[in-house]
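Engineer: Below you'll find the structure I mean.
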Amino acid sequence: MKILVTGATGFIGSNLIKVLLKNKSNQIIATSRNIKKAKNFDWFSKVTYYEYDLNNSTNKDLYSFFDKPNQLIHLAWDKVSDVKDLVHIEKILFDHFKFIKNMIAGGLKDIVVAGTCFEYGMIEGCLSEDLDTKPSNSYGIAKDTLRKFIIELKENFSFQYKWIRIFYVYGEGQSKRSLFYLLDKAIKNKDKQFNMSGGEQLRDYLYISELTKYICLIADQNIYVDKIINCCSGNPRSVKDLVQEYLKDKDYNISLNLGYYPYRDFEPMAFWGDRTNLENLLKL
């Protein structure tokens, strides 16, 4: 199958392509806006790569430009490190909608889109896909609106979509502002103290290899079509426990300076995903 992956050089995209290539029947088309960065990845010579900035509007037939893929796995998104930035609503949302609409109008029949747990808003507890979305930050609002725009597209075009709500992820290639990247940096520097929040918040973390495995599974199935699937562990853990377990695995002792950073005001203190739909797929 010919699969187009946007955001190819991002944290998730760069790891996902390595997994997709393990299936020899897959022909991977990768795109991002910086070919120099893309060339640094081991998979570059094994994919068809197109340098393209989807934030720039175009009237050309993008479906043909990307060699008419059978499926689009849409991971690209800017400014994820600042979920409050209004650019998510004012510009990024519409750029991505135009891109997806262009691809579908050209003939694309199957899209898989990365959503976010922030679509649920400030709801605490176990979050299932049938909950009403109440996003409370610009990033969550933009993602939730993009999903609704895609549903409206189905009134005029014939295609199927799978919407993946991704929770928290860590592993190779993660953002330099992420918790576990900073923890690895502290270990590498042999720091004696690590500054963090109080650590009592409950979160749902997946290692990147687990996430990419689940994305492939979701993309390849035809049960949850035109539906939402939580991509998560379903296992709430306190951030403090996660950090302590991570340090134990690394066999490194460091003093945790708890409470150095305030809790973030754009996410609930305790939430995690209900992965019933994902579990159903894993049983197949």
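Derivation of every value follows stated rules applied to the coordinates shown; laboratory data play no part. Just so it is clear, the model here is predicted, and its values are computed rather than measured. Cβ sites come from the backbone with ideal geometry, for glycine too, and all protein chains shown count toward neighbours.
Engineer: Students often get this wrong, so check it: of 79/185; 46/154; 154/176, which have C-alpha atoms separated by over 28 Å?
Structural biologist: In this structure, 46/154; 154/176 lie more than 28 Å apart at Cα.
Engineer: Still on this structure, I have one more. Please list, ordered by chain and number, the residues whose modelled amide H lies under 5 Å from the amide H of residue 175; skip anything fewer than 5 residues away on the same chain.
Structural biologist: It is none; the list stays empty.
Engineer: Around residue 43, with a cut-off of 13 angstrom between Cβ atoms, what is the net charge of the other residues, counting Lys and Arg +1 and Asp and Glu -1? Don't skip to the answer; put the middle values down first.
Structural biologist: On the way: positive: 18, 22, 37, 39, 46; negative: 42.
The answer is +4.
Engineer: Quick one: angle between helix 138-153 and the longest Cα principal axis of the chain, in degrees between 0 and 90, rounded to 10, please.
Structural biologist: 30 degrees
Engineer: Further question: From the phi of every residue in segment 13-26, what ³J(HN,Hα) in whole Hz does the Karplus formula 6.51 cos²θ - 1.76 cosθ + 1.60 yield, where θ is phi - 60° and glycine or proline is x?
Structural biologist: Listing the rounded values in order: x, 5, 7, 5, 4, 4, 6, 4, 5, 5, 8, 5, 7, 7 Hz.
Engineer: For segment 154-194, run through the chymotrypsin sites (Phe, Trp or Tyr not before Pro) and keep only the ones in DSSP coil with at most 16 other Cβ atoms within 10 Å of their Cβ. If you can, show how the numbers build up before the last one.
Structural biologist: Numbers: sites: 157, 159, 161, 163, 167, 168, 170, 180, 181, 194; in loops: 157, 159, 167.
Passing sites in segment 154-194 are 157.
Engineer: Further, regarding this structure: Using Cα pairs closer than 8 Å and at least 6 residues apart in sequence, work out the relative contact order for segment 87-149, in percent.
Structural biologist: Numbers: 53 pairs, mean separation 27.2, N = 63.
About 43 percent, as a whole number.
Engineer: Please state the relative contact order of the chain as a whole percent: Cα pairs under 8 Å, 6+ residues apart?
Structural biologist: Working: 511 pairs, mean separation 53.4, N = 284.
Normalised by residue count, the contact order of the chain is 19 percent.
Engineer: Among 127, 233, 1, which residue has its Cα positioned farthest towards the positive end of the charge dipole of the chain, with +1 placed on the Cβ of Lys and Arg, -1 on the Cβ of Asp and Glu, and the dipole taken about the Cα centre?
Structural biologist: So the residue furthest toward the plus end is 1.
Engineer: May I pose another question? With charges set only on the Cβ (+1 for Lys and Arg, -1 for Asp and Glu), what does the dipole of the chain come to about its Cα centre, in debye to the nearest 20?
Structural biologist: Details: 40 positive and 35 negative charges, 195 e Å.
In debye, rounded to 20, the chain gives about 940.
Engineer: Across all directions of projection, what mean area in square nanometres is found for the Cα convex hull of segment 180-244? Intermediate results must be reported in sequence, preceding the final value.
Structural biologist: Details: hull surface 23.1 nm².
Over all viewing directions, segment 180-244 projects a mean Cα-hull area of 5.8 nm².
Engineer: Skipping prolines and chain starts, which residues have an amide H placed within reach, meaning under 5 Å, of the one on residue 165, given they are 5 or more residues away or on another chain?
Structural biologist: Those lying under 5 Å, H to H, from residue 165 are 115, 229, 230, 231.
Engineer: So what are the three principal axis dimensions of segment 1-72 from its Cα atoms, in whole Å, longest to shortest?
Structural biologist: 35, 25, 18
Engineer: Build a GNM of the chain with springs between Cα atoms under 10 Å: which of 137, 15, 253 gets the top mean-square fluctuation?
Structural biologist: Largest GNM mean-square fluctuation: 253.
Engineer: How compact and how long is segment 176-284, expressed as Rg and Dmax of its alpha-carbon atoms in Å?
Structural biologist: Using the Cα atoms of segment 176-284, the pair Rg, Dmax is 16.7, 50 Å.
Engineer: How far, in nm, would the chain grow between residue 105 and residue 131 when pulled straight, counting 0.36 nm per residue and subtracting the alpha carbon separation?
Structural biologist: Values: separation 26, 0.36 × 26 = 9.36 nm, distance 3.05 nm.
Once the chain is fully extended between residue 105 and residue 131, it gains 6.3 nm.
Engineer: For segment 136-165 and segment 36-81, write down the distance between their C-alpha centroids in whole Å.
Structural biologist: 19 Å
Engineer: From the gyration tensor of the Cα coordinates in segment 228-284, what semi-axes in whole Å does the equivalent ellipsoid have, largest first, with each one equal to sqrt(5λ)? Numbers along the way, then the final one.
Structural biologist: On the way: eigenvalues 170, 64, 8 Å².
Semi-axes, largest first: 29, 18, 6 Å.
Engineer: Express in nm, to one decimal, how much length is gained between residue 57 and residue 185 on full extension, taking 0.36 nm for each residue of separation and deducting their alpha carbon distance. Write down the numbers at each step before the final one.
Structural biologist: Details: separation 128, 0.36 × 128 = 46.08 nm, distance 3.86 nm.
Computed gain between residue 57 and residue 185 is 42.2 nm.
Engineer: Shifting gears a bit: To make sure I understand, if each residue's beta carbon is the centre and we count other beta carbons within 10 Å, what order do 242, 20, 86 fall in, fewest to most?
Structural biologist: On the way: 242 19, 20 22, 86 13.
Fewest-to-most Cβ neighbours within 10 Å comes out as 86, 242, 20.
Engineer: Please list, in chain and number order, the residues 5+ apart from residue 202 or on another chain whose amide H is under 5 Å from its amide H, with Hs placed from the backbone.
Structural biologist: Here the answer is 270, 271, since their amide H atoms fall under 5 Å of that of residue 202.
Engineer: As a quick test, which of the pairs 91/148; 60/98; 36/101 have an alpha carbon distance above 19 angstrom in this structure?
Structural biologist: Values: 91/148 16 Å; 60/98 12 Å; 36/101 28 Å.
Violating the 19 Å Cα-Cα cut-off are 36/101.
Engineer: Using a 7 Å offset from the Cα along the Cα-to-Cβ direction at both residue 152 and residue 197, what is the distance between the two label points in nm, to one decimal?
Structural biologist: 3.3 nm
Engineer: From the helices alone, meaning DSSP H stretches of at least four residues, give me the mean residue ellipticity at 222 nm for the chain, per-run term -39500 (n - 2.57), in deg cm²/dmol to the nearest 500.
Structural biologist: Mean residue ellipticity at 222 nm (helix-derived): -9500 deg cm²/dmol.
Engineer: Another one. Please state the relative contact order of segment 33-117 as a whole percent: Cα pairs under 8 Å, 6+ residues apart? Write out the running numbers ahead of the final one.
Structural biologist: Working: 65 pairs, mean separation 33.7, N = 85.
Reported relative contact order: 40 percent.
Engineer: State the extension gain, in nm to one decimal, for the chain segment bounded by residue 284 and residue 248, taking 0.36 nm per residue of separation less the distance between their alpha-carbons. Kindly include the intermediate steps, with their values, before the conclusion.
Structural biologist: Details: separation 36, 0.36 × 36 = 12.96 nm, distance 3.48 nm.
That pair, residue 284 and residue 248, stretches by 9.5 nm at full extension.
Engineer: How big is the Cα convex hull of segment 57-177 in projection, averaged over all directions, in nm²?
Structural biologist: Working: hull surface 34.7 nm².
Its Cα hull, projected and averaged over all orientations, spans 8.7 nm².
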